[in-house]
1. Is there a residue being touching a His at 6+ places or on another chain (Cβ under 9 Å) and not aromatic (F, W, Y) anywhere in the stretch 175-194?
2. Report every pair of residues separated by at least 6 positions or lying on different chains whose Cβ atoms are under 9 Å apart, first residue within the stretch 145-161 and without any contact (Cβ under 8 Å) to a residue 24 or more places away in the chain and of a type in the set (S, T, Y), second in a helix (DSSP H, G or I) and open to solvent by less than 30 Å² (accessible area, probe 1.4 Å).
3. I want to confirm something. Restricting to the stretch 146-191 and keeping residues that are aliphatic (A, V, I, L, M) and open to solvent by 30 Å² or more (accessible area, probe 1.4 Å), which single residue is modelled with the highest pLDDT?
4. Output the residue which, of all residues in the stretch 70-110 that are in contact with a strand residue (DSSP E or B) (Cβ under 8 Å, 6 or more places away or on another chain), more than 23 Å from G12 (Cβ to Cβ) and in a helix (DSSP H, G or I), is most open to solvent (accessible area, probe 1.4 Å).
5. Among (1) of a type outside the set (A, V, I, L, M); (2) modelled with pLDDT under 95; (3) crowded, with 22+ Cβ neighbours inside 10 Å; (4) touching an Asp or Glu at 6+ places or on another chain (Cβ under 7 Å), there is one condition P124 misses while meeting the rest; what is its number?
6. What number of residues in the stretch 12-31 are buried (at least 24 other Cβ atoms within 10 Å of the Cβ) and not in a helix (DSSP H, G or I)?
7. Condition first: open to solvent by 30 Å² or more (accessible area, probe 1.4 Å), out of contact with any Gly (no Cβ under 7 Å at 6 or more places or on another chain) and among the β-branched types (V, I, T). Now tell me which residues in the stretch 127-145 satisfy that.
8. Based on this model, can you work out whether L54 counts as open to solvent by less than 60 Å² (accessible area, probe 1.4 Å) and assigned to a strand (DSSP E or B)?
Amino acid sequence: MPIVVITGATGGMGSEATRAKAREGCRVIMACNDLKKAEELRAKILEEQPDADLVPMYLELTSLASIQQFVGQLKGMQIDALFCNAGVKAHRFTTTEEGVELDYATNYMGNRRLADLMVPIMKPGGCVVFMVSVSIKVGHVDLNWKECDKRHFGQVSTYANSKLALTYYAIALARKHPELHINVADPGIVNTDMITMGRWYDPLADIFFRPFIKTPKQGVYAGLQAMNTQVTMKYFVGKKIKDMPKKLLESPLVDQLWEQGV
């Protein structure tokens with residue numbers, strides 16, 4: 001039975017990914033920071049599919065100790081796929097216990113630490129998929145990303161920058177591990193809590209904007225497609241498989257961020 005790890009498994013797209021992989025006959029490790037919510041989702045899916053093999057496990061991406069403990073519990077398993085779906089978009093400047101801005105700490109640092117530790121226990125020919133964002137087109141990241149402070153924080157820009165850093169990491173990881181299929185997926189604009197801005201106009205957006213954007217099931221399609229592929233270093237968006245943008249492949253930040261580490 002294939003074993004798939006899905007982070008953010010209780011979110012809008014994460015729950016849809018969990019359902020989809022369970023239907024395919026996979027054992028799904030539901031990695032999330034709210035086990036009560038995970039158990040509720042597990043029970044709901046089991047009502048729909050009694051033979052689903054779902055294993056909720058605690059994971060907090062902003063904590064290195066949590067990541068190490070999580071991966072330690074997977075030792076001895078041969079992991080077929082890692083879907084790095086979890087992410088945040090902070091409403092205001094917030095730092096973690098390590099003093100790192102929350103978007104960077106979760107979307108880039110946490111996912112990178114997780115993948116670094118997961119790759120050695122993955123089955124040859126397995127896949128790693130990183131959920132990125134259409135916003136990376138306007139993102140900018142440099143080697144001073146850890147110095148992001150309140151003056152340099154932007155609700156959209158910092159999120160975009162953290163996802164761009166993750167994309168650079170995905171490219172480097174794919175080059176270092178040709179035995180794996182490593183790709184990124186762009187869900188587009190999806191009707192999840194992620195698009196809530198925490199502003200006065202949110203109720204208006206709910207009325208006039210949300211009905212016209214993708215559902216979580218539609219948004220996660222690109223990620224599911226990427227988990228069932230034999231290609232590598234590709235950019236999955238919607239139902240299309242694109243080459244990684246040349247400007248990203250040729251950016252010196254691919255190697256510089258890799259060497260910098262986290």
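The values are calculated or read from the model by the stated rules, or taken from the named source; none is laboratory data. These numbers were taken from a predicted model, which means no experiment stands behind them. So basically every Cβ, Gly included, is an ideal-geometry build from the backbone, and we count neighbours across all protein chains shown. Note: accessible area is taken over every heavy atom of the protein model, side chains too, but ligands, DNA and RNA are not part of it. Shrake-Rupley method; radii C 1.70, N 1.55, O 1.52, S 1.80 Å.
1. From the stretch 175-194, those touching a His at 6+ places or on another chain (Cβ under 9 Å) are none; that's our starting set.
There is no residue in the stretch 175-194 that is touching a His at 6+ places or on another chain (Cβ under 9 Å) and not aromatic (F, W, Y).
2. Here the result reads S157/S135, each pair linking the stretch 145-161 to a residue that is in a helix (DSSP H, G or I) and open to solvent by less than 30 Å² (accessible area, probe 1.4 Å).
3. Let us first name the residues in the stretch 146-191 that are aliphatic (A, V, I, L, M), namely 156, 160, 164-166, 170-174, 180, 182, 184-185, 189-190.
Narrowing further to those that are open to solvent by 30 Å² or more (accessible area, probe 1.4 Å): 156, 189.
Details: V156: 89, I189: 71.
It comes out as V156.
4. Q73
5. Result: P124 fails condition (3) only.
6. Total satisfying the criteria: 4.
7. Pass one, the stretch 127-145, residues open to solvent by 30 Å² or more (accessible area, probe 1.4 Å): 134, 137-138, 140, 142-144.
Still in the running and out of contact with any Gly (no Cβ under 7 Å at 6 or more places or on another chain): 137-138, 140, 142-144.
The one that is open to solvent by 30 Å² or more (accessible area, probe 1.4 Å), out of contact with any Gly (no Cβ under 7 Å at 6 or more places or on another chain) and among the β-branched types (V, I, T): V138.
8. yes
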